[in-house]
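A quick write-up on the structure given underneath.
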Amino acid sequence: AMVDAESGLSLTIARVVQRLRGSSLHSQLERQARVSLHKPEVKLESLKEDIKDFLKTSGWEKKLQNAVYSELNVFPSPCHPAAPPEHMKEPLAYMRKAQGSWEKRILKSLNSMCTELSIPLAQKRPVSEQKELLNKWNEMGTDEPDLTLFRPVYAPKDFLEVLMNLRNPNYENGEQPSFRNHLGLIQVPLKVKDIPELKEDFSELGLNIGQLGIDDSAQVPPEFFENEHVRVGQKVLAEQDSAAAQQYVRQGCPTALRADLWALILNISNQPEDILYYEQLKSNVIQHNLLVDSLIYKDVKLTASNDDYYFVFEDYLYQVLLCFSRDTSVLEHFAYSSATPPKSYIRGKLGIEEYAVFYPPSVLSHLNSLILAVAPLCFLYHEPSKLYQMFREMYVRFFFRLHSISSHPSGIVSLCLLFETLLQTHLPQLFHHLREIGAQPLRMSFKWMVRAFSGYLATDQLLLLWDRILGYNSLEILAVLAAAVFAFRAVNLMEVTSLAAAEAVLADLSTLKVMPLLQIFLFATVT
């Protein structure tokens, strides 16, 4: 096993080196090393050590550490060198197959929409239209195009149906012994954590540890904890260390420091080349009209205009999502996702690679969830290219897992199973009652998880929840919170006799306080 661990480590190192070699950080480090040659403290006889010391004291070593840390957080641990590449994406063949057929369904729906409305998937905009779009880039929300003919590619409940129909072909008719007693909607045998394991993983949320988002902790007077926590947070920012920031936010982020801490964790610094990249995406939006633009338009209108918090950000939402639909760097991430990016071609140029327009289907199929993922970030970032980078990084680290079928512990299938298992194990009466009246709990909680609770919680509470997603580099907390909401409303839910009545009890989560709910559920539940 030791040999395996070592070869795994050397594979990881080789991959990180290869990834960083082409980056702008690499060329900046080389430039700095050359600059250091002219410094008096750099001596020829101890050249290598002196340059290392210079990079350390001038802060460049920290930047390199953060970049390495970022790579390790995004990429899966390497497979066996002999494993085929698709195993890196998703080790279970039946999951890969399910994801593939789901993507085909989305594309079929898109293509039939193109045929019906006789509009191409992609076309160049006439110059007059390009000028017009450029002029109103910052106020696209004022436009009222007629989008009645465009329909959403599908709704979350369609996706849930697909997940409910997943089966592991090795277990014919549910013959797996440990799993036979699972009565939820998800029928695949993945390993999920129990409460003792979750307590260990989320130990910083314990009852005797200071938390932002808990007003009446018995241990520590909140204002005392907050002042001290802010002081530590400022120190973490001054140090510019991504790993330290990630550990720090597990106890919550002070509002004034959140934007900078999240950016530090995700290693986003908004360099000139990042701003340039955003501008290139923007010019691609201005030159080409994609079918997806109309879908984005329609969904933003529906989502943002119906939300009291988010409607003010309507223009930002268009900018980020239109650029995101053009961003081929997101495609790199499909190397380790079970999803594959489909191609569509600009009509008339079929087969020529240059004209291929990539449509990540998860982008199209979950527009509504993506809008809800961008919106909270608008509270923190007001500069479009920084907002864009933050969203893109949150997507490739976290949110894509909510929109694709995989066996990953943060993937939506595992989250659904974790939610159902927690409920069935710790609230068996409630679980059976809801099943009996035809109100399967997952049918009600699925939309919360697939949207990471955005649009359901009050914004300050949502940001406290997302602090912990970033802090633990995991989405499992979404399933724990979903179960905690059911536990919190259990008394009322035990009295309902229909799905509609159960939905009414859970309709409004905007008054919930996230941290006390999580703490009580994890640390005060008798196991």
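The values are calculated or read from the model by the stated rules, or taken from the named source; none is laboratory data. Quick caveat, the model's predicted, so the values are computed rather than measured. Every residue, glycine among them, receives a Cβ derived from its backbone with ideal geometry; neighbour counts consider all protein chains shown. These area figures cover heavy atoms from the full protein model, side chains too; ligands, DNA and RNA do not enter into them. Shrake-Rupley method; radii C 1.70, N 1.55, O 1.52, S 1.80 Å.
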Q) What pairs come up if the first residue lies in region 302-318 and is closer than 19 Å to residue 139 by Cβ, the second is open to solvent by 90 Å² or more (accessible area, probe 1.4 Å), and their beta carbons are under 7 Å apart, counting only those six or more places apart or on different chains? A) 304/311; 305/311; 315/138; 315/139
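Yes or no, residue by residue, for (1) at pLDDT 90 or above; (2) surrounded by fewer than 21 Cβ atoms within 10 Å (Cβ to Cβ):
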site: 265; (1), (2): yes, no
site: 269; (1), (2): no, yes
site: 274; (1), (2): yes, yes
site: 305; (1), (2): no, yes
site: 330; (1), (2): no, yes
Q | Selection within region 441-458 - part of a helix (DSSP H, G or I), closer than 18 Å to residue 411 by Cβ and either of a type in the set (A, V, I, L, M, F, W, C) or open to solvent by 10 Å² or more (accessible area, probe 1.4 Å) (or both) | A | 442, 446, 447, 448, 449, 450
Q: Can you tell me which residue among 418, 372, 387 is open to solvent by 10 Å² or more (accessible area, probe 1.4 Å) and not in a loop (DSSP other than H, G, I, E, B)?
A: 372
Q: Scan (1) within 23 Å of residue 394 (Cα to Cα); (2) touching a Ser or Thr at 6+ places or on another chain (Cβ under 8 Å); (3) at pLDDT 80 or above for the single condition residue 89 breaks and write down its number.
A: (3)
Q: Among the helices (runs of 4 or more DSSP H) lying completely within region 473-527, list those that include at least 2 residues that are farther than 17 Å from residue 430 by Cα, out of contact with any Ser or Thr (no Cβ under 8 Å at 6 or more places or on another chain) and not hydroxyl-bearing (Ser, Thr, Tyr).
A: 476-488, 514-523
Q: Using the structure shown, decide if residue 465 is of a type outside the set (Phe, Trp, Tyr), touching a Leu at 6+ places or on another chain (Cβ under 6 Å), within 30 Å of residue 71 (Cα to Cα) and open to solvent by less than 10 Å² (accessible area, probe 1.4 Å).
A: no
Q.
Residue under question is residue 258, and the condition is that it be modelled with pLDDT of 95 or more, under 13 Å from residue 515 (Cβ atoms) and assigned to a helix (DSSP H, G or I); does it hold?
A. no
Q. Is there any pair with a first residue in region 231-250 that is over 13 Å from residue 70 (Cα atoms) and a second that is acidic (Asp, Glu) whose Cβ atoms are under 7 Å apart and which are 6 or more apart or on different chains, and what are they?
A. 237/260; 249/467; 250/204
**Q.** Odd one out for residue 82, checked against (1) modelled with pLDDT of 75 or more; (2) surrounded by fewer than 17 Cβ atoms within 10 Å (Cβ to Cβ)
**A.** (1)
Q | Residues within region 155-174 that are open to solvent by less than 100 Å² (accessible area, probe 1.4 Å) and modelled with pLDDT under 75, tallied | A | 2
Q.
residue 195 - would you say it is in contact with an Asp or Glu (Cβ under 8 Å, 6 or more places away or on another chain) and at pLDDT 85 or above?
A. no
Q: Answer yes if at least one residue in region 489-505 is of a type in the set (Lys, Arg) and either over 26 Å from residue 394 (Cα atoms) or open to solvent by 10 Å² or more (accessible area, probe 1.4 Å) (or both), and no otherwise.
A: yes
(Q) Please go through region 92-150 and give me each residue that is at pLDDT 90 or above, in a helix (DSSP H, G or I), closer than 24 Å to residue 302 by Cβ and open to solvent by less than 50 Å² (accessible area, probe 1.4 Å), ordered by number. (A) 133, 137
**Q.** Per-region count, region 40-70, residues surrounded by 12 or more Cβ atoms within 10 Å (Cβ to Cβ), assigned to a helix (DSSP H, G or I), among the β-branched types (Val, Ile, Thr) and free of Cβ contacts under 8 Å to residues at least 24 places away in the same chain
**A.** 1
